[in-house]
Amino acid sequence: MNHNYHWEKFMPRTRRMFVLGIGLALLVLAMTIFAGWLFVRGLVRQQIAQRDAEALHATTLMEQLDARNGKEPLEDDEQIGFDAAIRASRLKGVMGIRFYDTAGKFKDAFPATIQPRPLDAGALAAALRLEPFSRFRPDTPLSDIFIYLPQFSTGHIARVPTLEVTVPLHRRDEQKLAGAAQFIIEGESIAQEYARLDRRFGGLAVLAFGAAGMLLVALLWPALRRVEDLNRQLAQRNERLLRANEELALAARASALGAVSAHLMHGLKNPLASLSQYVRNHGQAASEPAGDEWQDALSAARRMQSLVEQTLEVLGDVRGAPAYELTVEELLNDVRRRVESLAQKRNVALEIKTDAKAKLSSRTANLVGLILVNLLENAIQATPEGKNVRLNLNHKPERLVFRVRDEGGGFPEHLRRNLFLPCKSTREGGSGIGLAISKQLAEYLGASLELAETNANGCAFVLGLPLPAPAEDSPARPV
């Protein structure tokens, strides 16, 4: 588990980072191919130059053999090597020869106009091993080759490519070094061969980079899409998990609240009945002005008693009390009765319409009634005086759709993200959990509750309740 976690730290999280990673991979690939190209290019160039060195060495040895066959052998090893080198200089492209002793010191040149130069350490070491040595110089000034040429008087010294080949001078049948000869060869043909090889190797390198790069992108691009999908799924799962935790916490609080509410409602039922009776009796005996106040108190006591009875009824349905059926008209009439007094108090017109004749079980109807009452009370509270609040019920295939529309200022933008989560209420006397409880009740019923519309002219909540069987449709009419 920890091993996977350590790997996940290096996984790219965005497309930009992934593209950057592909770019770095392509850069490493290009540098690797370029380094390989330089290495192979150097080896091939060395082999081409060494090829000419081996050929000159063999030619020098052959010239020794010809010299000894043509006349009496000479005893001077240096003279034998000198003569062989002079004969070999007749090859095409040889510009001159420098002669060195066994210590690498300059002794002579042919022709005499060749510029004297000491033998470098690499060439001397190869000569001591009786091996030829070559070095290509692509841009050699003529003044490094010749002591004087007529063109030097003009001040313009041309530069030419040259190949310097150093061959050891020794008898053909002995391993004793007599000296060394350095052939200065015109290198234009070698320069052209190098250029052709560079073009071919360059083309192969570009082709290899293109093929490997396309293969790399083709392999990594699906991985990018997969990583993006995994990141998106992980984010969605995290969000669902957070919401599930919040809903579980809310459900736990609601469960505890339900138990406390049942105990509280049973405790309040009888005292509220006694209070209602007391207020009614004393209100009838009071004087006329005081009688109005007693009527208000009696109305409030009856509303409280009605709320207690409704709560006990819902709790009884949830606990498995015998159920019965209600028509949607009866449900909407009951909802109107519960919120009508609040609408009259705030001078808000309440309009309820339906086009359905469906029937609901008492358990479902009571829970739907609680949701609608909460939505309507919120709508009435949000609607200015003189405006309208509408509740429309439409019968869709296998579904009842309740739409609560107000004419307020719309739902606040900062609250839409956590619409159905408990929050601090902005309404005087509000608890901030009405919508959260309504959402929980809707999910308990298998229904959906959503904010369908919100703007400066008001907002609309839609409750979609599934039905076990389709119901007959009828024209819309006011309830």
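If you scan the stretch 112-132, which residues turn out to be touching a Gly at 6+ places or on another chain (Cβ under 6 Å) and under 25 Å from residue 189 (Cα atoms)?
114, 119
For the stretch 335-363, which positions are touching a strand residue (DSSP E or B) at 6+ places or on another chain (Cβ under 8 Å), farther than 18 Å from residue 392 by Cα and in contact (Cβ under 8 Å) with a residue 40 or more places away in the chain?
362
Among the numbered criteria (1) touching a Pro at 6+ places or on another chain (Cβ under 9 Å); (2) at pLDDT 75 or above; (3) not small (Gly, Ala, Ser), which one does residue 394 miss?
Only one criterion in (1) touching a Pro at 6+ places or on another chain (Cβ under 9 Å); (2) at pLDDT 75 or above; (3) not small (Gly, Ala, Ser) is unmet by residue 394, namely (1).
Which one of these is in the same structural domain as residue 97 (by TED's automatic domain parsing), farther than 30 Å from residue 138 by Cα and at pLDDT 80 or above: 35, 30, 67, 25?
Exactly one of 35, 30, 67, 25 is in the same structural domain as residue 97 (by TED's automatic domain parsing), farther than 30 Å from residue 138 by Cα and at pLDDT 80 or above, namely 25.
Of the conditions (1) more than 27 Å from residue 165 (Cα to Cα); (2) at pLDDT 80 or above, residue 6 fails just one. Which one is it?
(2)
Just need a number here: residues in the stretch 148-177 that are in a loop (DSSP other than H, G, I, E, B), touching a Ser or Thr at 6+ places or on another chain (Cβ under 7 Å) and either closer than 20 Å to residue 56 by Cα or not assigned by TED's automatic domain parsing to the domain that holds residue 57 (or both).
1
Can you tell me which residue within the stretch 161-206, out of those that are closer than 16 Å to residue 41 by Cβ and among the aliphatic types (A, V, I, L, M), is surrounded by the fewest Cβ atoms within 10 Å (Cβ to Cβ)?
195
Given the condition under 22 Å from residue 40 (Cβ atoms), assigned to a helix (DSSP H, G or I) and polar (S, T, N, Q), answer yes or no: does some residue in the stretch 226-235 qualify?
No, the stretch 226-235 contains no residue that is under 22 Å from residue 40 (Cβ atoms), assigned to a helix (DSSP H, G or I) and polar (S, T, N, Q).
Quick grid of which residues meet (1) charged (D, E, K, R); (2) closer than 18 Å to residue 52 by Cα; (3) in contact (Cβ under 8 Å) with a residue 12 or more places away in the chain:
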position: 123; (1), (2), (3): no, yes, yes
position: 135; (1), (2), (3): yes, yes, yes
position: 138; (1), (2), (3): no, yes, yes
position: 152; (1), (2), (3): no, no, no
position: 166; (1), (2), (3): no, yes, yes
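Looking at 376, 370 in this structure, which one is within 18 Å of residue 464 (Cβ to Cβ), surrounded by fewer than 22 Cβ atoms within 10 Å (Cβ to Cβ) and in the same structural domain as residue 403 (by TED's automatic domain parsing)?
Exactly one of 376, 370 is within 18 Å of residue 464 (Cβ to Cβ), surrounded by fewer than 22 Cβ atoms within 10 Å (Cβ to Cβ) and in the same structural domain as residue 403 (by TED's automatic domain parsing), namely 370.
Is it the case, given these coordinates, that residue 145 is out of contact with any Phe, Trp or Tyr (no Cβ under 6 Å at 6 or more places or on another chain), at pLDDT 85 or above, aliphatic (A, V, I, L, M) and closer than 21 Å to residue 191 by Cβ?
yes
Looking at the stretch 391-403 only, could you name the residues that are out of contact with any Leu (no Cβ under 8 Å at 6 or more places or on another chain) and surrounded by fewer than 20 Cβ atoms within 10 Å (Cβ to Cβ)?
392, 396, 397
Quick grid of which residues meet (1) at pLDDT 75 or above; (2) surrounded by 12 or more Cβ atoms within 10 Å (Cβ to Cβ); (3) among the polar types (S, T, N, Q):
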site: 44; (1), (2), (3): yes, yes, no
site: 47; (1), (2), (3): yes, no, yes
site: 56; (1), (2), (3): yes, yes, no
site: 76; (1), (2), (3): no, no, no
site: 99; (1), (2), (3): yes, yes, no
site: 107; (1), (2), (3): yes, yes, no
site: 110; (1), (2), (3): yes, yes, no
site: 113; (1), (2), (3): yes, yes, yes
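Of 219, 197, which residue is touching a residue at least 40 places away in the same chain (Cβ under 8 Å) and either in the same structural domain as residue 120 (by TED's automatic domain parsing) or of a type outside the set (Phe, Trp, Tyr) (or both)?
197 is the lone residue from the list that is touching a residue at least 40 places away in the same chain (Cβ under 8 Å) and either in the same structural domain as residue 120 (by TED's automatic domain parsing) or of a type outside the set (Phe, Trp, Tyr) (or both).
Take residue 347 and decide whether it is at pLDDT 90 or above, part of a strand (DSSP E or B) and not charged (D, E, K, R).
no
The values are calculated or read from the model by the stated rules, or taken from the named source; none is laboratory data. Since we're looking at a predicted model, the values are computed, not measured. Neighbour counts are summed over all protein chains in view; Cβ atoms, including those assigned to glycine, are modelled from backbone coordinates with ideal geometry.
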